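Reading through the structure tokens given below for one structure.
The values are calculated or read from the model by the stated rules, or taken from the named source; none is laboratory data. Note that the coordinates shown come from a computational prediction; the quantities given were computed from them, not determined experimentally. Backbone-built Cβ (ideal geometry, glycine too); neighbour counts: all protein chains shown. Just the protein is used for accessible areas: all its heavy atoms, side chains included, with ligands, DNA and RNA removed. Shrake-Rupley method; radii C 1.70, N 1.55, O 1.52, S 1.80 Å.
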There are 2 protein chains.
Amino acid sequence: MPFQPPSQTAARPLSQAAADAFAAALGADAVLTSPDSVDEFRDPFSHPAWTDHAASAVVMPATAEEVQAVVRIAGEHRIALWTFSQGRNNAYGGPAPRVPGSVQVSLRRMNRVLEVNEELAYAVVEPGVRFFDLYDHLRAQGHRVWSSAPDLGWGSVIGNALDHGVGYTVDGDHAARLCGLEVVLPDGSLLRTGMGAMSGNRSWHAYPRGFGPTADGLFKQSGLGIVTRAGIWLMPEPECYLSGGVQVPRKEDLPALVDAIRPLLLDRTIQNQPAIGHPLFVAAVMDGSPTRAEVYDGPGPVPEEAVLRLARHMDIGRWNTRFALYGTEGIVDARFARVRQALSVIPGARVVGEKFAGHAVHDTARDQNAQVQAGIPSLDLMRALSWYSGEGGGHLDFSTVSPLRGADVVRAHALLDDRLAGSGLDYDPAMILGQRHIINVAQLYFDPADEKQTGDAYRLYPELVRTLAGAGYGVYRTHVDFMDVVADQYGWGDHALRRFNERLKDALDPHGVLAPGKQGVWPAGLRHLRDVSPSR
Amino acid sequence: MPFQPPSQTAARPLSQAAADAFAAALGADAVLTSPDSVDEFRDPFSHPAWTDHAASAVVMPATAEEVQAVVRIAGEHRIALWTFSQGRNNAYGGPAPRVPGSVQVSLRRMNRVLEVNEELAYAVVEPGVRFFDLYDHLRAQGHRVWSSAPDLGWGSVIGNALDHGVGYTVDGDHAARLCGLEVVLPDGSLLRTGMGAMSGNRSWHAYPRGFGPTADGLFKQSGLGIVTRAGIWLMPEPECYLSGGVQVPRKEDLPALVDAIRPLLLDRTIQNQPAIGHPLFVAAVMDGSPTRAEVYDGPGPVPEEAVLRLARHMDIGRWNTRFALYGTEGIVDARFARVRQALSVIPGARVVGEKFAGHAVHDTARDQNAQVQAGIPSLDLMRALSWYSGEGGGHLDFSTVSPLRGADVVRAHALLDDRLAGSGLDYDPAMILGQRHIINVAQLYFDPADEKQTGDAYRLYPELVRTLAGAGYGVYRTHVDFMDVVADQYGWGDHALRRFNERLKDALDPHGVLAPGKQGVWPAGLRHLRDVSPSR
């Protein structure tokens, strides 16, 4: 099916009155309206002709007060806003809004690290602060605390956490490590959550709740507010850090691998969020790996035989786990002994570990695994993209949650593997392990300049959403294009959750100005746009 | 000032029509309306003549459907409901409602353990399940997982977690260990949060979020819903468990003690929530301790000299810390070495530890510290109450949060010590340590039969609330009588949080049927009752 023009309202220019109001509030240089400048903030992985997620303008407030002004102006002029902190989450649409014609609110100018409390191991940051920025700040000030970072360091610390993003230190569950928010509500008023609701309270960023209901979860994956500052927990620099690996030789080893690691996560022997990678994914980011064409140049996905050959060639496993241990050297050694013992049940499993002095890791950790598990941000993972798709390549990430059980993981894999192979796509999952769950990320690669190929990926995605949901596995985070279909799967009790979310939305945002359609939550006035999306 | 008759509406009998509707929905035996039967569910520590928190009836639904029916009937008849799971939190009012004349919803009949997933270390329970029940169930079924328990085991697992209660294993932050809720909303509809919003999702109780905003925090310390089931995380039975203690000799050692333990919590050497106790509090629960009159029989609080004499006599420290370590024996030993080394900076500190085989702890742990840090529930702490006040004694708990810093702890202590001494009361704090915060619990003891003494404690409490808030320390949980004054301290931004909470309240509960006034959140129709409380 060829690409069709979008069937919902296409982007229109912003009214002059609204543009003037924004410029009066923020200064003219903070309001971008020319098509070229706005186009910088489009979804970089969509086909150039697709305009269904095109914005009409970009505003760039520099303070919470300016964010409040933006929200109030949007209310007066009935403008849909779409906020991004850095807008670098390209596999999920980058900064692109759900509703075409929205005004994007870029928080990149709000880039101050407001506080570092080394004693209590937290920082207070604005949403424009990137993982690189926080890391650099901590290093420059000589703080002996580590921040956590996801695979790519160019994103926003707050934005990633609000989107339920993950990293790989003990603080890898970023959403759970936010503590104390300041939020601009849809009416332009300002809220401080938790202990921050008490003026002068000394525990705002140390204790995650206050008195009465805790609202913080409402502002994550949400259009109920714009977070303008937040506390984020850090970890103390450990005496010793071990970056470890577990490689298993056979495709069939995956369930045993997952089941052997689970007890180590449940009893906190392993404290970080480990990851398990497919050889294609792992090799794609390694030095000296062959190109995809060298691995396999036939039609369709790389066959298992070639995958195994690649693994042997690169001296990696059929499944490759990284994990980390932290503590005194004595504690790390005792933990590592337990890891070795637990993994020894898998024939041929190779368990390795490299120890670093915590204070020296910034200079001594060389590979991306050792770096990211110490919270050192990089852009190394971009290599995977070019390995698959060349310099201009794009991808969609299809990310589902399952319980941390081997049987569930292979069941979900079988469904995906089958469906991707049927579409001629490689299935090279990367898995991120929590204490009781696993996030399985399947990358759908394409060349955005190739409309057919891009459209194929876009058409496949909702099928995968429904197939996996039917088996009990939910997508936890998605591209703007698929928010409605994903939300639709969370339909228990005649869509009880959606009705609840939209009741809150209407109560807090009666004009529907903040991020309409985000995560499938629509304000009353725009509910007719639900499920209205371009046919690809 | 002598006790005055309550100035807000006193309890009225339930209308016959409403009582009939409840009986039709639940069965006549599930609706208690006689004064004697309702009186069983009053605040056990209030003066017998005080009726300002007296209920008009008690209903006892046995299923979520029956809870839905109760809420719908309440909406039709405009009845204020007040829910309790077990209603055992006597220092905070037990099951007593904020608004006199409310109908109490007892969830004690909803007492099923619905599921135990040993592989993923969680249980799914109904709100009537007590810590004793869950523990007994796990033992009876031979599950090798430990639940967490607070100091008294008779409370509800869910109720305690929803009230931000604490325990002493690695899962001691109970509110953070709930995963996946089923909730009856104020309109009688049913909501499942997180992954539970997807029918058949396999990660409901394994992954704490779903897709879009996370509502779970809204139902804690809240009148926005009635939780009818929840997942609660457990810990795997460890190979080795060490119940440890640190005693320091001098009153002035407290800040150094707190500051020495903090790094051990931040780096997760100590994984549980340790506690620090005053000698009076610790001795009160020990075998063979002298009575208070034997310690000191003069007027006013026990002087420091007598406190030190008692500590020497009982062979305990001036401050007594308990903590726990879990893991393989090798990991526990390595951790204990780090604890010893970190605490050695305090002259005279005594660090002790007793190791148990995890599987045998149920039979071998003897004292309450060793038991509760293994999640074994008891009622031993009731002894402290009778030690102070005799069999019929009562107390109010005054519980504030501060950052986990010695300087903050002693600052808060100085304020409290001074004010309690001025009222002739002992100050015998128990402190519960989180990773970055400390909860300081001061017990105000009195004899509920003595109206003057009880009134004195009630009059002192709001003064303490304001004094501590002025210094930056907030009460995290309180007795029904003080919810308004506590909430009032969280007034940043012209009471932005209160306005937000009440906007949600009005949107979700327009008739104000669920727990009006809970935590200072009032529905539109009853806001005139705010701050209306009996003068004591």
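By accessible area of protein heavy atoms, probe 1.4 Å, what ranking do A:Asp216, A:Asp39 get, highest first?
The most accessible residue leads, giving A:Asp39, A:Asp216.
Grab the Cα-Cα distance for B:Ala357 and B:Ser34, subtract it from 0.36 nm times how many residues apart they are, and report the gain in nm with one decimal.
Extra length available between B:Ala357 and B:Ser34 comes to 111.2 nm.
Taking a 1.4 Å probe, which of B:Asp426, A:Asp456, A:Asp494 shows the most accessible area, and what order do the others take after it?
A:Asp494, A:Asp456, B:Asp426
Please turn the phi angles of the stretch A:428-437 into ³J(HN,Hα) values with the Karplus equation 6.51 cos²θ - 1.76 cosθ + 1.60 (θ = phi - 60°), one per residue in order, whole Hz, x for glycine and proline.
10, x, 10, 10, 10, 9, x, 6, 10, 9
Which residues' amide hydrogens lie under 5 Å from the amide hydrogen of B:Leu114, considering only partners 5 or more residues apart or on another chain, with H built in the peptide plane?
Under 5 Å from the amide H of B:Leu114 lie the amide H atoms of B:Val124, B:Val125, B:Glu126, each far enough along the sequence or on another chain.
With only Lys, Arg, Asp and Glu charged, each at its Cβ (+1 for the first two, -1 for the last two), find how big the charge dipole of chain A is about the Cα centre; round to the nearest 20 debye.
For this selection, approximately 1140 debye.
Can you name the residue in chain A whose Cβ lies closest to the A-to-B rotation axis, and give that gap in whole Å?
Result for the axis mapping A onto B: A:Ala507, 2.
Within 10 Å, at most 14 other Cβ atoms, and a DSSP state outside H, G, I, E, B define an exposed site. Report the longest part of chain A free of exposed GluC sites (Glu not before Pro).
Within chain A, the longest run free of exposed GluC sites (Glu not before Pro) spans A:41-390.
Compute the distance from the alpha-carbon center of the stretch B:407-442 to that of the stretch A:163-222, in whole Å.
Cα centroid of the stretch B:407-442 versus Cα centroid of the stretch A:163-222: 26 Å apart.
I need the phi-derived Karplus couplings for the stretch B:150-159: 6.51 cos²θ - 1.76 cosθ + 1.60, θ = phi - 60°, integer Hz, Gly and Pro marked x.
x, 5, 10, x, 8, x, 7, 4, 6, x
So what does A:Val145 come to for accessible area, using a 1.4 Å probe and Å² rounded to 10?
10
At 1.4 Å probe size, with no ligands or nucleic acids counted, give the accessible surface of A:Arg177 in Å², nearest ten.
40
Hey, what angle do you get for helix A:406-422 against the long axis of chain A, alpha-carbon based, 0 to 90 degrees rounded to 10?
Roughly 70 degrees between the two axes.
Measure off 7 Å from each Cα along the Cα-to-Cβ vector at A:Asp450 and A:Met382, then give the distance between these two points in nanometres to one decimal.
Modelled inter-label distance: 2.2 nm.
On average, how much area does the Cα convex hull of chain B cover when viewed from any direction, in nm²?
23.9
Given a 1.4 Å probe, how much area per residue of the protein assembly as shown is accessible, in Å²?
Ligands and nucleic acids excluded, the result is 33 Å² per residue.
Can you list the residues of the stretch B:87-136 whose accessible area drops by at least 40 Å² going from the chain on its own to the full set of protein chains, with a 1.4 Å probe?
B:Glu119, B:Leu120
Measuring from label point to label point, each 7 Å out along Cα→Cβ, what is the B:Ala140 to A:Arg340 span in nm?
4.4
What ranking of B:Thr291, B:Thr214 comes out by heavy-atom accessible area, probe 1.4 Å, highest first?
B:Thr291, B:Thr214
Taking the convex hull of the alpha carbon atoms in the stretch A:234-393, what volume per residue do you get, in Å³?
123
List for the stretch B:497-516: residues with 20 Å² or greater reduction in accessible area, all protein chains versus chain alone, probe 1.4 Å?
Buried-area filter returns B:Leu497, B:Phe500, B:Asn501, B:Arg503, B:Leu504, B:Ala507, B:Leu508.
List the residues, sorted by chain then number, that are 5 or more residues from B:Ala149 or on another chain and whose placed amide H is less than 5 Å from its amide H.
Placed amide hydrogens put B:Tyr168, B:Thr169, B:Gly375 under 5 Å from B:Ala149.
How big is the dipole moment of the stretch A:194-306 about its Cα centre under a simple scheme where the beta carbon of each Lys and Arg is +1, that of each Asp and Glu is -1, and everything else is neutral? Debye, nearest 20, please.
Dipole of the stretch A:194-306, to the nearest 20 debye: 820 debye.
Express the Stokes-Einstein translational diffusion coefficient of the stretch B:338-394 in µm² s⁻¹, to the nearest whole number, given a Kirkwood radius over alpha-carbon pairs, 10 °C and a viscosity of 1.306 mPa s.
112
Calculate one ³J(HN,Hα) per residue across the stretch A:41-56 by plugging θ = phi - 60° into the Karplus curve 6.51 cos²θ - 1.76 cosθ + 1.60, and present them in order as whole Hz with x for glycine and proline.
Once θ is set to phi - 60°, the couplings for the stretch A:41-56 become 10, 7, 5, x, 9, 9, 5, x, 7, 7, 10, 6, 10, 8, 8, 9 Hz.
Output the 0 to 90 degree angle, nearest 10, between the alpha-carbon long axis of helix A:492-508 and the longest principal axis computed from the alpha carbons of chain A.
The two axes meet at around 50 degrees.
In the protein assembly as shown, what percent of the accessible surface is made up of carbon and sulfur (1.4 Å probe, ligands and nucleic acids excluded)?
Its accessible area is 50 percent carbon and sulfur atoms.
Considering amide H positions built from the backbone, and no H for Pro or chain starts, which residues 5 or more places from A:Asp173, or on another chain, come under 5 Å of its amide H?
Residues meeting the amide H criterion: A:Gly167.
At a probe of 1.4 Å, how much accessible area disappears from chains B and A on forming the pair, both sides counted, to the nearest 100 Å²?
Protein heavy atoms only, the B-A interface buries about 8100 Å².
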